[in-house]
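The values are calculated or read from the model by the stated rules, or taken from the named source; none is laboratory data. Fair warning: this is a prediction, and the values are worked out from it, not measured in the lab. Glycine also receives a Cβ, built like all others from the backbone with ideal geometry; neighbour counts cover every protein chain displayed. Surface accessibility is based on the protein's heavy atoms, side chains included, excluding ligands, DNA and RNA. Shrake-Rupley method; radii C 1.70, N 1.55, O 1.52, S 1.80 Å.
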Amino acid sequence: MEIIEKIKANKSDDNLTEIQKICLHKLQSSPLPNPKSELWRLSNKSKLSNFLDYSVNEKDSKFDIPYPKNSQSTIRLIIGENCQIKLIEKNYSIQQLSEDELQKYIKEQISFFKQNENWSDLLNLSLSCKNNILGLKINGSKIPPIEIFSHASSNSLNAKTLVIFLEKNCDVELLQVNLGKENSSLSQSTFFCLKENSSLNHGVVSYGENRSNLLNSLNVIQQKNSAYNLGSLHFKFNYARFEISIKQSAGNAKTNIKGMQITKKDEQISTYTKIEFNGPNGFLDQINKSLADDKSHAIFEGSIIVPKIAQRTDASQLSRNLLLSNLAQIDTKPQLEIIADDVKCKHGATISQLNEEELFYMRTRGITLTEASKLQLSSYFQEIISFIPVSKDRWDLLDKLLNEN
């Protein structure tokens, strides 16, 4: 069954929202992404097909959140359970966006979408019902840390959408957790708009269970003097794509990105980033790490676009990769597109294995090969994990990664 027919299977045209109708119309001409395009040529066609195999589920089943008891100083939200919004409005400068505000903003974003480049978002918005779209407007600088959870139920395809406006002079720490149950697919689209002088420390932790899949897209617009920091981690998915699009709308903004994907067995996890500078004095520092083991496949493709208007841009994009098996595969492609002539930009990529000399040195001092390998991996992971805004006493990410089977 074509994806268009599948989306319409549970609903008549009269029950589709205006946004769903717009996205379906855009998908109509080409329901699946072009496998020959640069963005999709490495994507495993069979695994993408498996992502779409599950029935669309608009109602979530309850799930166990993998954290200890919620801290009173942390705001926790679960997309699909919006009843909690009313509780936090009274105490903090957080408001739920009205349906009109959400519609206006999302339709504006859709107007710029390209079918192939934004296929994941078009699919997500075609699937997302009103109950699974969460929109927030945040004011002030004394906002407690925020946690937002999305999850997919077993044997189903769930779509979640998050839209957040950070008003002027706003300072926020936000962690997103995307969870996939066994034999499931999760479509997650996130939209951030950072107003002038706002700051967001954003963490994304995504992990699944056996044969789970994820399409995760992130769209960020930064106005002048805003700062956006992203730390991300994706692992334990049969198939996952993390698509990042960041636009510095008028320059004079700072972006820091540190991300990592870990693949084992026959998994495929990829990260695609597009950073656009639309004004002078923009800054970017990006590091992406991949670790591939067994027969898995990790992919990173990054693009930095610096037009003539973006003079005095300072941008760095590095891809550092660790290959742990002769049968595993890593593809990496950082790239620059520069027209401005007064810039400081660099990019690079490395692929290596565990350091044999260091392993030998530790083993001569009585450390087992397993423990020596963990020590090296710990150092490799720590740079990324320390950038993710999650406290160690609530969830020790390093311990979780080092002890994964």
### Of K26/K160; K47/K107; K36/K333, those spanning more than 22 Å from alpha-carbon to alpha-carbon
K47/K107
### Task
Could you let me know the centre-to-centre spacing of the stretch 172-209 and the stretch 111-135, using Cα atoms, in angstrom?
15 Å
### Message
Could you sort the peptides 282-288, 346-352 by per-residue average Cβ neighbour count (10 Å cutoff), highest mean leading?
### Response
282-288, 346-352
### Query
Among 163-172, 145-154, what's the highest-first ranking by average C-beta atoms within 10 angstrom per residue?
145-154, 163-172
## Note on the structure
With all protein chains present, the stretch 12-55 has a carbon and sulfur share of its accessible area (1.4 Å probe) in percent of 48 percent
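Please compute the length gained on full extension between S98 and K346, using 0.36 nm multiplied by the number of residues separating them and subtracting their Cα-Cα distance. Intermediate values should be presented prior to the final figure.
Numbers: separation 248, 0.36 × 248 = 89.28 nm, distance 4.23 nm.
Using 0.36 nm per residue and subtracting the Cα-Cα distance, I get 85.1 nm.
Accessible area per residue of the stretch 105-212 at 1.4 Å probe, in Å²? Can you show the working numbers first?
Values: 3010 Å² over 108 residues.
About 28 Å² of surface per residue is accessible.
Given K264/K289; K181/K374; K224/K258; K114/K289; K224/K289; K168/K274, which pairs have Cα atoms separated by over 18 Å?
Numbers: K264/K289 15 Å; K181/K374 27 Å; K224/K258 22 Å; K114/K289 28 Å; K224/K289 29 Å; K168/K274 25 Å.
Violating the 18 Å limit, Cα to Cα: K181/K374; K224/K258; K114/K289; K224/K289; K168/K274.
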### Query
Counting only protein heavy atoms and using a 1.4 Å probe, what share of the accessible area of the stretch 148-251 belongs to carbon plus sulfur, as a whole percent?
36 percent
### Summary
With every protein chain kept in place and a 1.4 Å probe, the stretch 227-323 has an accessible area per residue in Å² of 25 Å²
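Using per-residue counts of other Cβ atoms within 10 Å, averaged over each peptide, order 375-381, 24-30 from highest down.
Working: 375-381: 15.9, 24-30: 14.3.
So the peptides 375-381, 24-30, ranked by packing, come out 375-381, 24-30.
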